[in-house]
1. About its Cα centre, what dipole magnitude does region 6-128 give when the only charges are +1 on Lys and Arg Cβ and -1 on Asp and Glu Cβ, stated in debye to the nearest 20?
2. With each pseudo-label sitting 7 Å past Cα toward Cβ, what's the E34-D86 distance in nm, one decimal?
3. Kyte-Doolittle mean at least 0.0 and Cα extent at least 24 Å along the axis: which DSSP H helices of the chain qualify?
4. Cross-chain or 8 or more residues apart, Cα under 24 Å: how many lysine pairs in the chain fit that? Count them up, please.
5. Beyond 18 Å, what percent of the Cα pairs of the chain remain?
6. Roughly how many percent of the accessible protein surface of region 6-128 is carbon and sulfur, given a 1.4 Å probe and a whole-percent answer?
7. Only Cα pairs under 8 Å and at least 6 apart count here; give the relative contact order of region 6-128 as a rounded whole percent.
8. Run the helix sum for the chain: -39,500 (n - 2.57) per DSSP H stretch of 4+ residues, divided by residue count, reported at 222 nm to the nearest 500 deg cm²/dmol.
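The values are calculated or read from the model by the stated rules, or taken from the named source; none is laboratory data. Note that the structure is predicted; figures quoted are calculated from it, not measured. With ideal geometry, Cβ positions are generated from the backbone for all residues, glycine too; neighbour counts draw on all protein chains shown. Note: accessible area is taken over every heavy atom of the protein model, side chains too, but ligands, DNA and RNA are not part of it. Shrake-Rupley method; radii C 1.70, N 1.55, O 1.52, S 1.80 Å.
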Amino acid sequence: MDRPIRVLVAKPGLDGHDRGAKVIARALRDAGMEVIYTGLRQTPEQIVNAAIQEDVDVIAASILSGAHATLLPRISALLKKEDAEDILFVAGGVIPEDDIPELIEKGIKAVFTPGTPTTVTVKFIEENVRK
Ligand code: B12
């Protein structure tokens, strides 16, 4: 890609945990990506609208509240409805391993749980973002 990858780091739902999102935002920025942070308490609609308006290549959603099974598939469904499935959708946070296969089935391309080195996330995005 002849321009920096653009990433929307998003905080869906009423989740007030923002440290993880900020660590990821910093790591992606240090890897040369352009990062836009939504701030806390965004609805799936707000996140998808921002992603389209900002013309991002990636949505990176952080969720530690336990509401991942509801909110993440909603974002995925909205990307489909808006014909914006070229946007790579990844997520991370406190998400039980058992819940991940269903999230992948519903269109989340990868889930990164606590302890995942940020270099793994950077590599995944660089290798999977639509060129
Ligand atoms: C710190 C903390 C708080 C702080 C938050 C401070 C802040 N500004 O973020 C405070 C004290 C405010 C808090 C409050 C609450 N908390 Co709290 N909190 C934690 C704690 C101890 C650490 C989270 C943290 O900051 N870790 C450090 C950061 C750097 O790591 P991280 O967020 O996990 O992010 C890393 C990875 O997950 C990953 N990642 C995260 N997001 C993303 C996104 C992408 C795209 C990628 C690629 C990777 C990625 O990469 C990050 C860097 O390595 C966790 C327990 C735990 N160990 O996880 C509980 C925890 C998350 N909290 C919990 C709960 C229940 C609450 C409260 C509801 C408690 C209450 N009754 O009041 C409130 C809710 C507040 C709210 N409005 O949401 C539960 C959630 C349970 C669940 N999901 O099922 C946990 C798991 C504790 C527990 N075991 O019960 N909490």
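1. Using only the charged Cβ atoms, the result is roughly 400 debye.
2. Roughly 1.5 nm, to one decimal.
3. Within the chain not a single helix satisfies the rule.
4. The result is 19.
5. That tail contains 47 percent of the Cα-Cα pairs.
6. 50 percent
7. 26 percent.
8. Computed mean residue ellipticity for the chain: -12000 deg cm²/dmol.
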